[in-house]
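Every read-out reported here was derived from the displayed coordinates using simple, explicitly stated rules and does not represent laboratory data. This structure is a prediction, so every number in the text was calculated from the model and none was measured. Cβ sites come from the backbone with ideal geometry, for glycine too, and all protein chains shown count toward neighbours.
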Amino acid sequence: MMLVVENLTKKFKKTMAVDRLCMEIPRGEIYGFVGANGAGKTTTMRIIAGLLAPTSGKVYIDGLNIFRDPLKVKGRIGYMPDFFGVYNDLKVSEYMEFYGGLQGIYGEKCRELTDSLLELVRLTHKRDAYVDTLSRGMKQRLCLARSLIHDPDFLILDEPASGLDPRARVEMKEILKELRTMGKTVLISSHILPELAELCTSIGIIDSGRLVASGSVAEITEKMYQSGLIKIKVAEKEEEAVKILMEMPEVGELSSVAGVIEIKVSGGEETSVRVLKTLVENEIPVVSFHPEECSLEAVFMSLTERSSENENNQ
Ligand SMILES: Nc1ncnc2c1ncn2[C@@H]1O[C@H](COP(=O)(O)OP(=O)(O)OP(=O)(O)O)[C@@H](O)[C@H]1O
Ligand SMILES: [Mg+2]
């Protein structure tokens, strides 16, 4: 395991920012850490990066206890914070040299690394520009480059794609894919689940400081099929189709407008199969049949709703 977190808790006065959080990330994973604003993502990541002391709990990176061996661990981690500071009169190359110096990397070696990292984040053309003149997306990529200067094998990236335009997001995704092929293990946060689903190998959902779900993207997606929406388009016989569907016990809410029928079903993929089979057997001319995708958001909403209900009940 690259990362093991056991019962991590962080209390700020009355706020439980992180609440007995447990998680594990195997080597080579791109782990998406999803949660709403204030869920505790940044706090957890800062603790893992060794920048914040927890109230209690344990964190191991590659088997090393980070509170016992902080120096050994620091060299293994690259941390990209969710903010970019102000750097008056510092050029991009100088910025990289500054952070290289902090990691004990100087001179020719540092210049070589800077060149290859700027290439990785597509900023070679801005080598001599002043940092403060870069666009937001460029600053984020520069921040990522700096977190890689000491060739860490575990990266902690706090919302690297937030505030980026669609094109910059795609570029950020490509960079992250490259990191994966380089064999890095990555913990990456976002409050947008579908954005991470495309990119990550596994996902953990955090709500009020607790991990409410985790698993491979396939497992989380499977959950979303437990109750889904199906859009069915028919060429004709709409009324007859509606009647047949209403009689099926798996079908909940139903609406139909201009040949498009939307139904809510309970059950997994077998239910979809049964619904389609029933329609076809009754000679309904089905034009298209769409179990709603991308409702990872819906899973996220239902998981986080459930846990806030629990909280209210306590
Ligand atoms: N230094 C601090 N002092 C007091 N409370 C804090 C501090 N840092 C975070 N908190 C609180 O801890 C909780 C979790 O905050 P955190 O920044 O970890 O959330 P987040 O998931 O990163 O949210 P976002 O998506 O907005 O970045 C919030 O209630 C926040 O107000
Ligand atoms: Mg945050």
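In table form, for the structure just shown:
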quantity	calculated
Per-residue HN-Hα couplings for region 207-218 [Karplus 6.51, -1.76, 1.60; θ = phi - 60°; Hz; x = Gly/Pro]	9, 6, x, 10, 7, 8, 7, 7, x, 5, 4, 4
Residues whose placed amide H lies under 5 Å from that of ILE149, excluding near-sequence neighbours	none
C-alpha center-to-center spacing [region 188-209, region 63-101] in angstrom	24 Å
Region 1-30: trypsin sites (Lys or Arg not before Pro) in DSSP coil with no more than 16 other Cβ atoms inside 10 Å	LYS13, LYS14, ARG27
Percentage relative contact order, region 180-219, counting C-alpha pairs under 8 Å, at least six apart	26 percent
GLY38 long-range amide H proximity, modeled H, under 5 Å	none
Listed residues ALA213, ALA36, ALA258, most fluctuating in the chain (Gaussian network, C-alpha, under 10 Å)	ALA258
Loop-exposed GluC sites (Glu not before Pro) per DSSP, neighbour cap 16 Cβ within 10 angstrom, longest uninterrupted part of the chain	1-197
Loop trypsin sites (Lys or Arg not before Pro), region 231-292, which have at most 11 other Cβ atoms in a 10 Å radius of their Cβ (DSSP)	none
Three-way shape label, region 1-67, alpha-carbon gyration tensor, a/c 1.5	oblate
Förster radius 45 Å - calculated FRET efficiency between HIS290 and GLU174, Cβ distance, rounded to 0.05	0.95
Sorted by Cβ density within 10 Å, fewest first, the residues THR133, THR9, THR114	THR133, THR9, THR114
Hz values of 3J(HN,Hα) by residue in region 90-97 - Karplus curve (6.51, -1.76, 1.60), Gly and Pro given as x	10, 7, 3, 5, 5, 4, 5, 5
Long-range amide H partners of THR55 with built H, under 5 Å	THR9, LYS10, LYS11
Percentage relative contact order, region 119-172, counting C-alpha pairs under 8 Å, at least six apart	36 percent
Per-residue ³J(HN,Hα) for region 98-106, Karplus 6.51 cos²θ - 1.76 cosθ + 1.60, θ = phi - 60°, Hz, x for Gly and Pro	4, 5, x, x, 4, 9, x, 10, 10
Projected label distance in nm at LYS264 and CYS22, using a 7 Å step from Cα toward the beta-carbon	3.3 nm
Mean Cα-pair separation over length for the chain, i.e. relative contact order, pairs under 8 Å, 6 or more apart, %	20 percent
